[in-house]
């Protein structure tokens, strides 16, 4: 594993100001994630994990502290610069699949490359490679996304997150809309991308069972890191039989 940090958060504070009242949501959070790690950030509702996810994903900036993503200081970027970082460095996978319902699987996966101005033949080649890497069956590549099961839609979303070759795959409650068996298939996909392709994965969840599929678990509560430990009893998710 490469030991260069993909993520380096140093004393991250996030305070919201509303009607003259200051609410501290993150209270001096510091941690790093090396290239090739699979890390789960776990906490209950109101713990600050969603705010931390927004900062890691360059969707927001901290009130104070420093955040480096793949060597770039994200802490003080403008909105346009944040958009560039998101497009170039991060592959997002959300609880809601965010697919175009009447577009094919291949079209959904290649869509970020359309916005990036990549030529059609090249973007189809990259999209096909991403679908193969995420173990999505070729027989369904020309299906519309609204013809797929929830688990298959999430795997399309995972493939879409790969097409820009991001430094980080950031998954926010990716199994939240799935039953346990289907969630296992999705978690198997993340584990395969991590162990088989060396992808760095950070997974945000409130479910201990989901977090236990990662190699390292960071527990956050009341805006601070409670524990940050290797996971010696990592669950191995099962793919499709």
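Readers should treat all values here as calculations from the given coordinates under stated rules, not as data from a laboratory. This is a predicted model, so every value here is computed, not measured. Cβ coordinates were reconstructed from backbone atoms using ideal geometry, including for glycine residues, and neighbour counts include every protein chain displayed.
Taking only the C-alpha atoms, wrap a convex hull around segment 5-230 and report its volume per residue in Å³ as a whole number.
Once divided by residue count, the hull of segment 5-230 is 127 Å³.
Could you rank the peptides 198-205, 123-130, 177-184, 224-231 by their average count of other C-beta atoms within 10 Å per residue, with the highest value first?
Going by the mean number of other Cβ atoms within 10 Å, highest first, we get 198-205, 123-130, 177-184, 224-231.
Just the Cα atoms of segment 116-177, one point each, no solvent: what log10 I(q)/I(0) does Debye give at q = 0.21 Å⁻¹?
Each listed q corresponds, in turn, to -0.91.
Relative contact order for segment 5-230: what is it in percent, counting Cα pairs under 8 Å that are at least 6 residues apart?
Relative contact order for segment 5-230 comes out at 29 percent.
Scale the Cα Rg of segment 115-241 by the rule-of-thumb value 2.2 N^0.38 Å and send over the ratio, two decimals. Present the calculation step by step, with values, prior to reporting the outcome.
Working: Rg = 15.7 Å, N = 127, 2.2 N^0.38 = 13.9 Å.
Compared with the compact-globule rule of thumb, segment 115-241 sits at 1.13.
Show me the ranking of peptides 186-192, 163-169, 11-17 by mean Cβ neighbours inside 10 Å, starting with the highest.
The densest-packed peptide leads the list: 186-192, 163-169, 11-17.
Would you mind computing the Rg to Rh ratio of segment 1-116 from its alpha-carbon coordinates, Kirkwood style for Rh?
1.01
State the Cα centre-to-centre distance between segment 1-40 and segment 156-194 in whole Å.
Their Cα centres are 22 Å away from one another.
So for the chain: antiparallel DSSP bridges make up what percent, rounded to the nearest 5?
60 percent
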